[in-house]
Amino acid sequence: MQKIIFEEITDEKLTIVQEIVHSNNSYNLLENGRETRTIEELREEFLNSNTKSMFIKLDNSYIGVIDYLDENPKDGFPWLGLLMIHRDQQGKGYAKQAFAKYEGELLHTSKSAVRLGVLKGNSKAKQFWESVGFTYYETKPFKDNKEIDCYQKEIMK
């Protein structure tokens, strides 16, 4: 079986991030109201001091991105900001494998649960996160008058 690994996203490889993000144009439309993102927007999202941004690699191929916050200062929980697989690689179980790797890393921390938000209207993501054990706990406002459904999963140690 091929192994999923994480590799830190760097400025030199932002065009790879852009290719992955642009392959998911329906998500971009839902989040930002347009199908594409500029390199500057991606730099701001994936190269900041608040979150950890990693490529999801399968052997030597870049197949996705994962972006997370080790501890949200508002609630003390780790938050998974984004897990996105390139459209050409979806439906092969890679998102579940990538999440399992991330969850495995959380086992080595003192954290008891992980949280994430799903944009209202993103039924595909809602279905995915529920399938890996997340449960809904509340809806919160998001940017541009949008809302997110907040989910949490207990970390089994």
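The values are calculated or read from the model by the stated rules, or taken from the named source; none is laboratory data. Only a predicted model underlies this, so the values are computations on that prediction, with no experimental measurement involved. Note: ideal-geometry Cβ built from the backbone for every residue, glycine included; neighbour counts use all protein chains shown. Surface areas here come from the heavy atoms of the whole protein model, side chains and all, with no ligands, DNA or RNA. Shrake-Rupley method; radii C 1.70, N 1.55, O 1.52, S 1.80 Å.
Here are the numbers:
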{"quantity": "Residue in the range 41-54 that is assigned to a helix (DSSP H, G or I), polar (S, T, N, Q) and modelled with pLDDT under 95 present", "calculated": "no"}
{"quantity": "Residue match in the range 57-71 (condition: among the hydroxyl-bearing types (S, T, Y), in contact (Cβ under 8 Å) with a residue 12 or more places away in the chain, farther than 20 Å from G117 by Cβ and in contact with a Lys or Arg (Cβ under 7 Å, 6 or more places away or on another chain))", "calculated": "no"}
{"quantity": "S26, sole failed condition from (1) open to solvent by less than 60 Å² (accessible area, probe 1.4 Å); (2) hydroxyl-bearing (S, T, Y); (3) modelled with pLDDT under 90", "calculated": "(1)"}
{"quantity": "Enumeration of residues in the range 8-40 that are assigned to a loop (DSSP other than H, G, I, E, B) and under 24 Å from P78 (Cα atoms)", "calculated": "I9, T10"}
{"quantity": "Exclusive hit being under 25 Å from S26 (Cβ atoms), open to solvent by 50 Å² or more (accessible area, probe 1.4 Å) and over 14 Å from the mean Cα position of the chain (by Cα), set S112, S123", "calculated": "S123"}
{"quantity": "Residue that is least open to solvent (accessible area, probe 1.4 Å) [pool: residues in the range 1-21 that are among the charged types (D, E, K, R) and modelled with pLDDT of 95 or more]", "calculated": "E7"}
{"quantity": "Residue in the range 29-48 that is nearest to G81 (Cα to Cα), counting only those that are charged (D, E, K, R) and open to solvent by less than 70 Å² (accessible area, probe 1.4 Å)", "calculated": "E45"}
{"quantity": "Residues of the range 85-140 that turn out to be among the acidic types (D, E) and either more than 23 Å from E71 (Cβ to Cβ) or free of Cβ contacts under 8 Å to residues at least 12 places away in the same chain (or both), as a count", "calculated": "3"}
{"quantity": "Sole exception among (1) part of a strand (DSSP E or B); (2) more than 28 Å from Q152 (Cβ to Cβ) for I5, by number", "calculated": "(2)"}
{"quantity": "Qualifying residue in the range 70-78 (condition: farther than 18 Å from K13 by Cα, assigned to a helix (DSSP H, G or I) and open to solvent by 50 Å² or more (accessible area, probe 1.4 Å))", "calculated": "no"}
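This table checks each residue for (1) of a type in the set (G, A, S); (2) under 23 Å from K3 (Cα atoms).
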{"position": "Y102", "(1), (2)": "no, yes"}
{"position": "L106", "(1), (2)": "no, yes"}
{"position": "G117", "(1), (2)": "yes, no"}
{"position": "W129", "(1), (2)": "no, yes"}
{"position": "V132", "(1), (2)": "no, yes"}
{"position": "K140", "(1), (2)": "no, no"}
{"position": "C150", "(1), (2)": "no, no"}
